[in-house]
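Accompanying notes for the structure given below.
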Amino acid sequence: MLRLVTVPGTLMLMPEDYSPAAVVRRLDRGQQVVIPSSNRSVVFVLLLALVIGIGLLAFFLFIVTDTIQDGRSPWLIIINLRMWALVIGIVGCLVVAPIGLFVRMRRREALVLSPVGVALARRDQVLPGTLLPWQNIEAIVFEKAARRGPRAAAYILTEEATRRRLGRGHHPRLLVRNGFVLSPRRLFPVLKAAHARFAPRLHGPR
């Protein structure tokens, strides 16, 4: 059974050179490459959520004030489903989103690449059960996750790995998580190069 062994404090942050060649060279030396979460993207999403939330709140207050000034019944607001949708949006943007983003920053999640495979780490510790060996990956693709959605990197599992995971409700196509210092477009060639370098070794001659 393949395992990714780590010791607390030994995860090494990825150097500034994020090129696929630099990553593969480091993996060839038996080192792990850690791609940390991007605080910049978290801050951007937080600011976006706050702007949208404040806009929704201002619109909500405008409608409430206008209704009261016109002498109309407050029940018109209470029974209006659109107003409830505004309330849900306000709570989501001004309460839920900041809490979720704060928790994510506290977790300090990272993607860990090694000659064995790729795993997810949290607070400098590789999470148990997250290691995906290179030999279980048939290919790494960069395509749209949904018909109208943005393109994303994804692992295409081998038939054997797919059969093992289907029993647990997994799909043979696994999306690569985003939110790291490398965007999905920049992360894709790194993963593809590492897979091309180490998967043949693990599969053996074909």
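A few points about this structure:
- Filtering segment 44-63 to residues that are among the β-branched types (Val, Ile, Thr) and within 31 Å of the chain's Cα centre (by Cα) leaves VAL45, VAL51, ILE52, ILE54.
- When LEU81, LEU94, LEU127, LEU111 are screened for being without any contact (Cβ under 8 Å) to a residue 60 or more places away in the chain, of a type outside the set (Lys, Arg) and under 20 Å from VAL176 (Cβ atoms), only LEU127 passes.
- Any hit, segment 76-99, residues being of a type in the set (Gly, Ala, Ser), surrounded by 12 or more Cβ atoms within 10 Å (Cβ to Cβ) and within 22 Å of the chain's Cα centre (by Cα): yes
- When segment 129-138 is filtered for residues that are in a strand (DSSP E or B) and among the β-branched types (Val, Ile, Thr), only ILE137 remains.
- Residue among LEU111, LEU50, LEU27 that is part of a helix (DSSP H, G or I), within 30 Å of ALA196 (Cβ to Cβ) and not acidic (Asp, Glu): LEU27
- Candidates VAL95, VAL118: the one that is out of contact with any Ser or Thr (no Cβ under 8 Å at 6 or more places or on another chain) and part of a helix (DSSP H, G or I) is VAL95.
- TRP75 of a type in the set (Phe, Trp, Tyr) and modelled with pLDDT under 85: yes
- Filtered residue count, segment 31-58, keeping only those that are modelled with pLDDT under 90 and either of a type in the set (Gly, Ala, Ser) or over 25 Å from LEU127 (Cβ atoms) (or both): 4
- Segment 157-173, subset loosely packed, with under 15 Cβ neighbours inside 10 Å and modelled with pLDDT of 80 or more, residue nearest to the chain's Cα centre (by Cα): ARG173
- For VAL141, the conditions (1) in a loop (DSSP other than H, G, I, E, B); (2) surrounded by 14 or more Cβ atoms within 10 Å (Cβ to Cβ) are fulfilled apart from (1).
- All positions within segment 76-113 that are touching a helix residue (DSSP H, G or I) at 6+ places or on another chain (Cβ under 7 Å) and within 28 Å of TYR18 (Cα to Cα): LEU101, ARG104, MET105, LEU113
- Looking at ILE88, ILE52, just one residue is free of Cβ contacts under 8 Å to residues at least 40 places away in the same chain, β-branched (Val, Ile, Thr) and outside the structural domain of ARG173 (by TED's automatic domain parsing), and that residue is ILE88.
The values are calculated or read from the model by the stated rules, or taken from the named source; none is laboratory data. Worth saying up front: this structure is predicted, and the values here are computed from it rather than measured. Note: ideal-geometry Cβ built from the backbone for every residue, glycine included; neighbour counts use all protein chains shown.
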